[in-house]
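*Asks:* So that we are looking at the same thing, I have put the structure below in C-alpha cells.
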Amino acid sequence: LITRSIKTIGVIGAGQMGSGIAIVGAMNASLNVKVMDSNDEQIERSRKFIGDWLDKKSAKGGIANVADVKGRIQYIKESKDLGDCDFVIEAISEVVEAKMKLFRHISPILKPDAILATNTSSISITKLAANAEFPDKVIGMHFMNPVPIMKLVEMIRGLQTSDHTVHKTKELAKMMGKTITESKDMPGFIANRLLLPYINEAIQVLSEGIASKEDIDKTMKLGTNVPMGPLELADFIGLDTCLYIMQVLHRDLGDSKYRPSCLLVNYVNAGWLGKKVGKGFYDYSEKK
C-alpha cells in the first residue's frame with residue numbers, strides 16, 4: 001500500500017502483553033501508539049519495561065534512533081483519547097465479563113471505521129463482538145509472549161467479522177513484522193488447544209509421581225528439541241492463566257480429556273502462580 005491507512009493504534013492495558021504490543025507498534029511499524037491504563041503504577045512499570053527493552057535493543061545496534069521510538073509511545077488514562085485511533089488492541093486480563101464490559105464502553109468512542117481487536121488467548125471472538133457497536137470491526141489478534149521476540153500472531157475472525165477487518169488486521173501484522181496463522185473461533189484457537197493440554201498432562205505426570213519435574217522438563221527439552229520444558233513453560237505463562245484456559249476448554253468443549261489437573265488447581269489455590277510471584281513448580285525467589 002502506498003498510503004498507509006493505519007497511522008495511530010491504541011493498546012488497552014499496560015501489562016506485559018500490552019507493553020510488548022506497544023513496542024512492536026512503535027519500533028517495527030513506526031506507528032504512533034497510545035497505551036491506555038487507569039492504574040498509575042502499571043503505567044510506570046510499563047514505561048520502565050519498554051524503556052529498558054528499547055535501550056538494550058539499541059545497545060546491541062538493533063535500533064537506529066531509540067528516542068524516536070520512545071517518542072511515538074504515549075500513555076493515556078481516559079478512553080475518550082482513543083477516539084482518533086485507526087486500530088485498537090485490547091490486552092486486559094483474560095476475564096470474559098471484563099472484556100465484554102470494556103467492548104460495550106469502548107466501541108461507541110471509536111471512529112466508525114476503526115478496528116477493535118482482542119488479544120484473548122481463549123475467549124470467543126463472536127461473543128465479544130456481540131458487545132460492540134460495530135461487530136463486523138471486531139477480530140481476534142492473539143500475540144505470543146514475549147511479543148517483541150515471538151513472530152506469531154493468531155488471527156481469529158468471529159461470525160460477524162468482515163473481510164475488510166481481516167484485510168486491515170493482516171496489514172497491521174505485516175507492518176509489525178509478524179507472521180499470521182488463521183483459526184476458526186473455537187475454544188483455545190490453535191496454539192492453546194494444542195499447548196495447554198500438553199502442559200496439563202505434564203502436570204498430571206508429576207502429580208502421579210511418574211517422574212520429577214526436572215526429568216519431565218529435561219525429557220521434553222532434549223527429546224523433542226523444545227527450548228523450555230512444559231512445567232517451566234507453565235511457570236512462565238502463569239499457572240492461573242494455564243488453569244483458566246484449561247477450564248475454558250473443559251467447559252466449552254465438554255470433553256473430560258481437558259479436565260484440569262488437581263495439582264494445577266492446588267498450586268493456583270496456594271498462590272504459587274509461577275515466575276511472576278517467585279514460585280510455581282520451580283522457585284524463582286533467588287533469581288533476579
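*Asks:* Among C85, C242, C262, whose mean-square fluctuation peaks in a Gaussian network model of the chain (Cα, cutoff 10 Å)?
*Replies:* Comparing C85, C242, C262 in a Gaussian network model of the chain, the most mobile one is C262.
*Asks:* Rounding to the nearest 20 debye, state how big the charge dipole of the chain is about its Cα centre with +1 on each Lys and Arg Cβ and -1 on each Asp and Glu Cβ. Before the final figure, lay out each step's value.
*Replies:* Numbers: 38 positive and 34 negative charges, 120 e Å.
Using Cβ point charges on Lys, Arg, Asp and Glu, the chain gives about 580 debye.
*Asks:* Same structure again: Please identify every one of the GluC sites (Glu not before Pro) in segment 72-169 that sits in a loop by DSSP and has no more than 10 other beta carbons within 10 Å of its own beta carbon.
*Replies:* Working: sites: E78, E90, E94, E97, E133, E154; in loops: E78, E94, E133.
The qualifying sites are E78.
*Asks:* Then there's this: What spacing in nm lies between the two simple spin-label points modelled at E133 and D163, each 7 Å away from Cα in the Cβ direction?
*Replies:* Result: 2.7 nm between the two label points.
*Asks:* Another question, if that's okay. Among T8, F236, F134, pick out the residue whose Cα is farthest towards the positive end of the charge dipole of the chain, where Lys and Arg carry +1 and Asp and Glu carry -1 on C-beta, about the Cα centre.
*Replies:* Sorting the options by dipole projection puts first T8.
*Asks:* Something else about it: Any chance you could check the Cα centroid distance between segment 146-215 and segment 1-73 for me, in angstrom?
*Replies:* That distance is 22 Å.
*Asks:* Mean 1/r over all different Cα pairs, inverted: what Kirkwood radius does the chain give, in Å? If you can, show how the numbers build up before the last one.
*Replies:* On the way: mean 1/r = 0.0503 Å⁻¹.
Here the Kirkwood hydrodynamic radius works out to 19.9 Å.
*Asks:* Return the carbon/sulfur percentage of the accessible area of the chain, one whole number, probe 1.4 Å, all protein chains in place. Spell out each step's value before the answer.
*Replies:* Working: 7630 of 14230 Å².
So the carbon and sulfur contribution to the accessible surface is 54 percent.
*Asks:* Could you please report the charge total around I190, scoring K, R as +1 and D, E as -1 over all other residues with beta-carbon less than 10 angstrom from its beta-carbon?
*Replies:* Working: positive: K184, R193; negative: E154, E182.
Neighbourhood net charge equals 0.
*Asks:* Now for a separate question. Taking H placed 1.01 Å from N in the peptide plane, check which residues at least 5 places from M36 or on another chain put their amide H under 5 Å from its amide H.
*Replies:* V11, I12, G13, I76
*Asks:* What is the gain in length, in nm to one decimal, between N269 and K170 on full extension, counting 0.36 nm per residue of separation less the C-alpha to C-alpha distance? Intermediate results must be reported in sequence, preceding the final value.
*Replies:* Working: separation 99, 0.36 × 99 = 35.64 nm, distance 3.96 nm.
The span from N269 to K170 would gain 31.7 nm if fully extended.
*Asks:* May I pose another question? Rounded to the nearest whole Å², what accessible area per residue is found for the chain with the 1.4 Å probe?
*Replies:* Numbers: 14230 Å² over 288 residues.
Accessible area per residue, the chain: 49 Å².
*Asks:* Let me ask something additional. Using 0.36 nm per residue of separation minus the Cα-Cα distance, give me the extension gain between A98 and K184 in nm, one decimal.
*Replies:* Working: separation 86, 0.36 × 86 = 30.96 nm, distance 2.28 nm.
Extra length available between A98 and K184 comes to 28.7 nm.
*Asks:* Where is the GNM fluctuation largest for the chain (alpha-carbon springs, 10 angstrom cutoff): I43, I63, I190?
*Replies:* Of I43, I63, I190, the Gaussian network model singles out I63 as fluctuating most.
*Asks:* Among DSSP beta bridges whose residues both lie in the chain, state the antiparallel percentage, nearest 5. Don't skip to the end; give the middle numbers.
*Replies:* On the way: 7 of 32 bridges.
Here the share of antiparallel DSSP bridges comes out near 20 percent.
*Asks:* Where does each of T120, T181 land when they are ordered by accessible area, with a 1.4 Å probe and the largest first? Mind dumping the intermediate values first?
*Replies:* Numbers: T120 0, T181 50 Å².
Descending order: T181, T120.
*Asks:* State the Cα centre-to-centre distance between segment 220-257 and segment 91-130 in whole Å.
*Replies:* First find each Cα centre; the distance between them is then 25 Å.
*Asks:* Span-like helices, the chain: DSSP H, alpha-carbon axial extent 20 Å or more, mean Kyte-Doolittle 1.6 or greater, which ones?
*Replies:* Working: long enough: 40-59 (28 Å, -1.36); 191-207 (24 Å, 0.58); 239-253 (21 Å, 0.54).
Helices passing the filter in the chain: none found.
*Asks:* Starting from the Cα of S256, step 7 Å along the direction of its Cβ; do the same at E41; then give the gap between the two resulting points in nm.
*Replies:* With each label point 7 Å from Cα toward Cβ, the separation is 4.4 nm.
The values are calculated or read from the model by the stated rules, or taken from the named source; none is laboratory data. The structure displayed is predicted, hence computed values, not measured ones. Heads up, the Cβs are rebuilt from the backbone with ideal geometry, glycines too, and the neighbour counts pull from every protein chain shown. Remember, those area values only see protein heavy atoms, side chains included, never the ligands or the DNA or RNA. Shrake-Rupley method; radii C 1.70, N 1.55, O 1.52, S 1.80 Å.
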